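One structure below.
Every number in this text was worked out from the coordinates using simple rules, so none of it is lab data. All values derive from a computational prediction rather than experimental measurement. Cβ placement follows ideal geometry from the backbone for every residue including glycine, while neighbour counts extend to all protein chains displayed.
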Amino acid sequence: MVYKKEQIIKALRDVIFFPKSNNIIALNMVENIEIKGKKINISIGFPKLDDPAINIVKNASIKAIKDKVDKNAEVIITAAVDTKHGPLSRIKNIVAVASGKGGVGKSMVATNLAIALQKSGAKVGLLDADIYGPSIPIMFNLENERPSVIDKNGKTLIVPIKKYGISVLSIGFFVEPEKALIWRGPMASKALNQLFNDSEWGELDYLIVDLPPGTGDIPLTLVQSYPITGVIIVTTPQQVAISDVRKAANMFQQEQIKIPILGLIENMSYFTPAELPNNKYYIFGKGNGKQFAESLNVPFLGQIPLIQNISESGDKGNPIVLDDNLPVSKVFMKLADSLKKRTEEHNIQI
């Protein structure tokens, strides 16, 4: 039996979302329907991911499809945040920046990439979702700043801090810098959901999300709960880093997740001394990042050199891409241009 999307939609018209007294099709809550053989994957948007009606709607949807389409159908329902009507509705692209392990410069890449996009004319936000090691406040020199709040339609919303033309939010704004965050997965995920959903992001071309390293609960929850346009993976040339990145790439490519990998960026690709700007020393190996991208069948977006100015500028809260005279600034502008092309291609495909 070949299922048709129209059959699924007709069955789901019997599923009522009681808080709004209407069916989920009429309420435009069904975000996506994907049919592969007897597998039916459905994404349903809810106002909040802790909505008590989620399990009721999930169970009712599965029952409706089995009753009216095929009792042997394998139905998977994913609860997502409603992006059609909520605070994320005016964001064109959500791009996650990920890594398989810590220490590869993921946050530095996210920061400079966000600013490069802004310099190219895009409206950009940056969300620091690296909840156990938030470093964006340091990189923007915002360690002692706190976001303001506004009341909108009876709801209190966090207003991101504007710096270098970027709308910035980080969990680091709400905790003492010297205190360790000791949160279990559900508590951490709830805090990040608030930064996504209870914030006044406004109209953005790109929301860059700096994910925690690795493949734990938090990055998994985020990519499953929000309409991520795609992910950029950051690595260094060492084989141990490449091995960890493969695990991260495999997570995004899993059947139940399937987040497009927009490309791979290799950081610390080569060392260039300040006194010899034309020299390149491949101290961690040469060509590993490009070969790895080819093995994953994903685009290789480019290389970032290992130079002293990058770490110094980040520590001072003055990201290096702000200096138009430095060659490495042009590297980030090229990476931003590559990202824009990749997201445009993805949006055409979908």
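Annotations for the structure displayed:
- Relative contact order for the chain: 18 percent, from Cα pairs under 8 Å spaced at least 6 residues apart, divided by residue count.
- Shape class of the range 242-341 from the alpha-carbon gyration tensor: prolate, with a/c at 1.5 or above and a/b greater than b/c.
- The range 5-81, dipole about Cα centre (Lys/Arg Cβ +1, Asp/Glu Cβ -1), debye to the nearest 20: 220 debye
- For the chain, the 222 nm mean residue ellipticity estimated from helices alone, with every DSSP H stretch of n ≥ 4 adding -39500 (n - 2.57) and the total spread over all residues, rounds to -10500 deg cm²/dmol.
- Counted over the chain, the DSSP beta bridges are approximately 30% antiparallel.
- Among the listed pairs K152/K340; K290/K341; K155/K258; K106/K290; K106/K247, a Cα-Cα separation exceeding 24 Å is found for K152/K340; K155/K258.
- Cross-link table K48/K92; K10/K66; K101/K280, entries beyond 22 Å C-alpha to C-alpha: K101/K280
- Separation of the range 123-175 and the range 43-82, taken as the distance between their Cα centroids, equals 33 angstrom.
- Dipole size of the range 91-349 about its Cα centre, with +1 on Lys/Arg Cβ and -1 on Asp/Glu Cβ: approximately 420 debye, rounded to the nearest 20.
- Most mobile of S21, S295, S167 in a GNM of the chain (Cα contacts under 10 Å): S21
- The residue among A293, I310, Y282 whose Cα reaches farthest toward the positive pole of the charge dipole of the chain, with charges on the beta-carbon of Lys, Arg, Asp and Glu, is A293.
- Helix 106-119 and the longest principal axis of the Cα set of the chain meet at an angle near 90°.
- Reach of K316 by Cα under 20 Å, taken over aspartates and glutamates that are not fewer than 8 positions away in the same chain: D128, D130, E143, E145, E176, E178, D210, D324
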